Protein chains: 2
Amino acid sequence: MTRVTRHQVSKNTKSSSQELLYDPDVATPSHAEQAKTLVAQRGIGTLCTLHGEHGHPYGSFVTYALVGGNPVFLVSKLAEHTRNLEGDPKASLLVNAEGKDDPLANARVTLIGACTRLPRGEDTEAREAFLAAHPNASYYVDFKDFSFFQLDVESLRYIGGYGRMSWVTLADWQAAQADPIAAFAPQIIEHMNDDHAEAMIAYCQAFSRASDTKAATMTAIDRYGFEMSAVTEAGPRPIRLAFAAPIENAGQARTALVALVKQARAQLAQQAEA
Amino acid sequence: MTRVTRHQVSKNTKSSSQELLYDPDVATPSHAEQAKTLVAQRGIGTLCTLHGEHGHPYGSFVTYALVGGNPVFLVSKLAEHTRNLEGDPKASLLVNAEGKDDPLANARVTLIGACTRLPRGEDTEAREAFLAAHPNASYYVDFKDFSFFQLDVESLRYIGGYGRMSWVTLADWQAAQADPIAAFAPQIIEHMNDDHAEAMIAYCQAFSRASDTKAATMTAIDRYGFEMSAVTEAGPRPIRLAFAAPIENAGQARTALVALVKQARAQLAQQAEA
């Protein structure tokens, strides 16, 4: 399904000498799912088209919405990318996440395909999705020189950060659902870090090999589980734990996290008695 | 020097019916200067290259540093963009600003040219600039599969926001200096808005036609002047005012802003007496 490439890393770097402190087979979103989640959420990216008679690759900043698995754009006929696409429909859209101090640690996706104008009358779905994502566009959506274009995705490349990358097949992309927790993740993470520091220490001590965890902060949560940075005697270490079953909303996240802390405390109490 | 294109705007929109409340010839950074300032500051962007046998435009997220007017990249031979450039050096780099609620109101630049590997021994300047901009890269700069590439800029397009765009000539790009105030601008703006609300009302009342200004917030500052959003009876209106002479550092910004408020208050007092 995926071709994975890895950098040539020196034997002495931390990343190769550190052993994983959690189950390497823990349920994790697939690259297709991570890509779909990012693209469904972001709404801005770089459209790459072919410019001029020599077909020079040309990047321009765009807003987009997703219809099925295909990005749609509202563009002016005066824009360079529109002229470029009218000359050659070959295009790609690069969408990148933000938030980590090291910009290359953030995820990004390149969607590759042909990008063509949707005829008036066939742009209803695009218009609805686009205006829902970008309400400001209502001011110019009806200008005569604007129209919708759609990038029909043929292949895509996902890079999740350092050393986590693959080509995603079109079938996997089309089947993947954006994470239903993504919209709530920032609030859940903030709440856990503000109010449930002890619960996260218990998770790490009970369910990972970081049994010397002194503190832990949540760094990510998705339908399948959540990630923490555990402060151990050997320094900060990543821990990922899975939910018993995939969750679908913020309420189920709360229920699952509460169930896990009860289970963790019971297990730790039992170990202390033994 | 520049080709300017404009959207076809309905006659009834605000932007065409509102008259400018300040001198339309006020000193303003050129598009070349605005582009250079943005590219010198940002450090991240989208590299567009040609992928595969059919030369499909391909966008990838990159970090860069600027050497003279040319971006340099530290890339792995395993990365798609590196393979793409080895096949065809044609490339562009899209760099976009952030910060405004409407993403299309932010400035962006597309730098177009050929991007080629700098041979070891000729990459000293690139290495120095890159590591200064991206200290994290010191962990892999010496990996054998990494090397520096340089995009030799041939032409560029600047988009300052809605309706403010042009092709910038190579001569203008090379001559343009990044704004020396850019690094201090956020602090100056915060300070003015927190502590000098009265001064900004005086600027607007004395030096613009927004004589009914009831409140004003600073939105931008550069070597030539500064911009405010003035709250007038007809709603919020943009005002740009120039310094008597270009400034070069935060100290000169302070001196110039203090001199202007004295001048504004003297002028308003004189008007009140008349």
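Data overview
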{"read-out": "Cross-link pairs A:Lys77/B:Lys90; A:Lys100/B:Lys77; A:Lys90/B:Lys90 - those with Cα-Cα distance over 19 Å", "value": "A:Lys77/B:Lys90; A:Lys100/B:Lys77"}
{"read-out": "B:Lys77 accessible area, 1.4 Å probe, all protein chains in place, Å² to nearest 10", "value": "110 Å²"}
{"read-out": "For A:76-82, mean number of other protein chain Cβ atoms within 10 Å", "value": "3"}
{"read-out": "Among A:105-112, B:195-202, the order from most to least packed when residues are scored by Cβ within 10 Å on average", "value": "A:105-112, B:195-202"}
{"read-out": "Cβ-Cβ FRET estimate between B:Thr255 and B:Val26, R0 fixed at 25 Å, reported to 0.05", "value": "0.80"}
{"read-out": "Average other protein chain Cβ within 10 Å of Cβ, residues B:44-54", "value": "6"}
{"read-out": "3J(HN,Hα) from dihedral phi, segment A:51-68, Karplus parametrisation 6.51/-1.76/1.60, rounded to Hz, x for glycine, proline", "value": "10, x, 5, 8, x, 7, x, 10, x, 9, 6, 9, 9, 8, 10, 10, 10, x"}
{"read-out": "Helical mean residue ellipticity (222 nm; -39500 (n - 2.57) per DSSP H run of 4+; nearest 500) of the protein assembly as shown", "value": "-9500 deg cm²/dmol"}
{"read-out": "Per the protein assembly as shown, cysteines lacking a partner by the 4.7 Å Cβ criterion", "value": "A:Cys115, A:Cys204, B:Cys115, B:Cys204"}
{"read-out": "Centroid-to-centroid separation of segment A:132-171 and segment B:158-212 [C-alpha atoms, Å]", "value": "32 Å"}
{"read-out": "Packing-based ranking, highest mean first, of A:239-245, B:265-271 given that Cβ atoms within 10 Å are counted", "value": "A:239-245, B:265-271"}
{"read-out": "Surface accessible to a 1.4 Å probe, B:Leu20 within the full protein complex, Å²", "value": "80 Å²"}
{"read-out": "Averaged over A:109-117, number of beta-carbon atoms from partner chains that fall within 10 Å", "value": "2"}
{"read-out": "Estimated distance in nm for a label pair at B:Tyr139 and A:Thr116, the labels positioned 7 Å out from Cα along Cα-to-Cβ", "value": "4.5 nm"}
{"read-out": "Largest-first ordering by accessible area, 1.4 Å probe, given options A:Phe143, B:Phe73", "value": "A:Phe143, B:Phe73"}
{"read-out": "Spatial separation of Cα centroids for segment B:244-274 and segment A:71-121, in angstrom", "value": "46 Å"}
{"read-out": "Estimated FRET transfer efficiency (B:Ala272, A:His191; beta-carbon r; R0 60 Å; 0.05)", "value": "0.60"}
{"read-out": "Length-normalised contact order for segment B:31-175 - Cα pairs under 8 Å, 6+ apart - percent", "value": "28 percent"}
{"read-out": "Solvent exposure ordering (accessible area, 1.4 Å, most first) of B:Leu260, A:Leu156", "value": "B:Leu260, A:Leu156"}
{"read-out": "Test item: Cα-centred dipole of chain A, Lys/Arg +1 and Asp/Glu -1 on Cβ, debye", "value": "460 debye"}
{"read-out": "Rel. contact order, % - alpha carbon contacts under 8 angstrom, at least six apart, chain B", "value": "19 percent"}
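The values are calculated or read from the model by the stated rules, or taken from the named source; none is laboratory data. This one's a predicted model, so the numbers in the text were calculated from it and none came from an experiment. Backbone-built Cβ (ideal geometry, glycine too); neighbour counts: all protein chains shown. Please note that ligands, DNA and RNA were not included when accessible areas were found on the heavy atoms of the full protein model with its side chains. Shrake-Rupley method; radii C 1.70, N 1.55, O 1.52, S 1.80 Å.
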